[in-house]
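Student: Below is a structure I'd like to ask you about.
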Amino acid sequence: MVASALGSRSAALDGAVFTPKPDLRLLTSAAIYGPNASGKSNLVHGLAFMRWLVLNSVRELDTDAPIPVQPFLLADPPPTTTTLEVVFLLAGVEYRYGFALDARRVVAEWLHARTSQREKTLFTRDRGAFKLGAEFKREGHGLPDKTRPNALFLTVAAQFDGATSGRIVQWFKAIRLMSGLDDESPRTHTIAGLRDPQRRQQTLALLQKFDLDIDGLELAKHPHADTQETVKTLHRLRTTATTTDPTAPLIRFDLGDESQGTQKVFALAGPLLDVLGGGGLMILDEFDARLHPLLSRTILRQFNTAASNPQHAQLVLTTHDTTILNKETLRRDQVWFTEKDRDAGTRLFSLAELKVRNDASYDKDYVTGRYGAIPFVRNIDLPRADPRAPSASPRASKHPH
């Protein structure tokens, strides 16, 4: 999410770059392309596992419980440890946090902080040996002895009300990780928000940006469950073919009767309002599932336009949708690709690294293989038709459909 020195002439991308620190320029969105099984989702899963362990290594793992980490399985010999690290900005401080582990224990763990050009060590861990930096000694005092081999020291420090560790754990907790193939959890969140009249109006305003022809939202009790609620979408009755009379009656639809795309946008509405209103990071795997390309473009525009994203929220998505792969929707440094190396590992690289002109046809060049990161499809030899077989054409059929 670090912006390059490349510029963009598109007015639609006026909010795609922001400067949280004088020496740091960040992007508000990034799209990751690549063939199936190239590692796009594994990038998301890696951060999801890191987030889960930070939040749960103390609470959900017993003393002898294995750590549910899956190492890279295609190396020979296989790796003995898995290493994960993330660099992020929090309250003006750039943190670098990571750990190495296997299924039995945390082998190493580290936390560094940078407020200027120099990075300071807050703590390091090498198996059972801990070193606390001067700025972390008070927060981490006495806690190495309370840290189990399968637990993260950062999580333990946060459990004991550590100020810095607590803020970092909350940063991990605030990351919104979602799959475009699963609408249930975000839909429940969006429905809960409709209980507040102001939030309901915000949700309606966001849905109307997508031109879904929805004029209102209502909550109703579920007919078979007293504790559940259902959503009614209100549509204005059309009095002519081209215009809508604002005084015409409203027709109520069950949300389940709306199109799959409308239901998908509704499910995303709550999380989108959260992150756009308060800032933070949203990561959406399989972004384009059940979304029309114009709806995908509209969601991206919410993050890349200054007026709709005053808090500089960030969106990272994985997708196959090439209709958003153009200079009006994404800068070159917002476009990333994954492809497999010879060792079957994933290589992640940016379009900005390929020295591509700003006026290039990104979508056409990508589909034709100019950037790589596309599937290699072998020719398929189809069985030849038997000329003696009866024709199956509609003309020969007695009962054409």
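Student: Where the second residue is assigned to a strand (DSSP E or B) and of a type in the set (Gly, Ala, Ser) and the first is closer than 13 Å to residue 107 by Cβ and lies in segment 118-132, which pairs have Cβ atoms under 7 Å and are six or more apart or on separate chains?
Tutor: 125/108; 126/108
Student: On to the next question. Could you count how many residues in segment 299-333 are farther than 23 Å from residue 181 by Cβ and either in contact with a strand residue (DSSP E or B) (Cβ under 7 Å, 6 or more places away or on another chain) or crowded, with 23+ Cβ neighbours inside 10 Å (or both)?
Tutor: Residues that pass the stated criteria total 5.
Student: Given the criterion within 16 Å of residue 31 (Cα to Cα), touching a His at 6+ places or on another chain (Cβ under 7 Å) and in contact (Cβ under 8 Å) with a residue 24 or more places away in the chain, identify the matching residue among 215, 288, 321. First the steps, then the outcome.
Tutor: Numbers: 215 fails: within 16 Å of residue 31 (Cα to Cα); 321 fails: touching a His at 6+ places or on another chain (Cβ under 7 Å).
Going through 215, 288, 321 in turn, the sole match is 288.
Student: Just need a number here: residues in segment 136-161 that are charged (D, E, K, R) and part of a loop (DSSP other than H, G, I, E, B).
Tutor: Qualifying residue count for the region: 2.
Student: Would you say residue 37 is closer than 30 Å to residue 320 by Cα, among the small types (Gly, Ala, Ser) and outside any strand (DSSP E or B)?
Tutor: yes
Student: Still on this structure, I have one more. Among the listed residues 69, 58, which satisfies the condition of being of a type in the set (Val, Ile, Thr), free of Cβ contacts under 8 Å to residues at least 60 places away in the same chain and farther than 30 Å from residue 334 by Cβ? Break it down into steps so the answer makes sense when it comes.
Tutor: Values: 58 fails: free of Cβ contacts under 8 Å to residues at least 60 places away in the same chain.
Every option except 69 fails the conditions.
Student: Look through 172, 160 and report the one residue that is modelled with pLDDT of 95 or more and in contact with a Lys or Arg (Cβ under 7 Å, 6 or more places away or on another chain).
Tutor: Answer to the selection: 172.
Student: Kindly check whether there is at least one residue in segment 238-261 that is in contact with a His (Cβ under 7 Å, 6 or more places away or on another chain), at pLDDT below 85 and surrounded by 13 or more Cβ atoms within 10 Å (Cβ to Cβ).
Tutor: No: segment 238-261 contains no residue that is in contact with a His (Cβ under 7 Å, 6 or more places away or on another chain), at pLDDT below 85 and surrounded by 13 or more Cβ atoms within 10 Å (Cβ to Cβ).
Student: Okay, next question. If a residue counts only when it is within 22 Å of the chain's Cα centre (by Cα), among the small types (Gly, Ala, Ser) and more than 22 Å from residue 174 (Cα to Cα), which strands (runs of 3 or more DSSP E) contained entirely in segment 48-135 have at least 3 such residues?
Tutor: none
Student: Does residue 133 count as touching a Lys or Arg at 6+ places or on another chain (Cβ under 7 Å) and over 30 Å from residue 40 (Cα atoms)? Talk me through it step by step, then tell me what you get.
Tutor: Values: touching a Lys or Arg at 6+ places or on another chain (Cβ under 7 Å): yes; over 30 Å from residue 40 (Cα atoms): yes.
It is true that residue 133 is touching a Lys or Arg at 6+ places or on another chain (Cβ under 7 Å) and over 30 Å from residue 40 (Cα atoms).
Student: Go through segment 18-33 and give me each residue that's in contact (Cβ under 8 Å) with a residue 60 or more places away in the chain and either outside any loop (DSSP other than H, G, I, E, B) or of a type outside the set (Val, Ile, Thr) (or both).
Tutor: Across segment 18-33, the qualifying residues are 18, 20, 21, 24, 26, 27, 29, 30, 31, 32, 33.
Student: Ok, one more. Among what's in segment 166-209 and is under 21 Å from the mean Cα position of the chain (by Cα) and assigned to a loop (DSSP other than H, G, I, E, B), pick the residue that is surrounded by the fewest Cβ atoms within 10 Å (Cβ to Cβ).
Tutor: Ranking the candidates gives 181 first.
The values are calculated or read from the model by the stated rules, or taken from the named source; none is laboratory data. Model, not experiment: these values are computed from the prediction. Methodologically, a virtual Cβ is constructed for each residue, glycine included, from the backbone with ideal geometry; neighbour enumeration extends over all protein chains shown.
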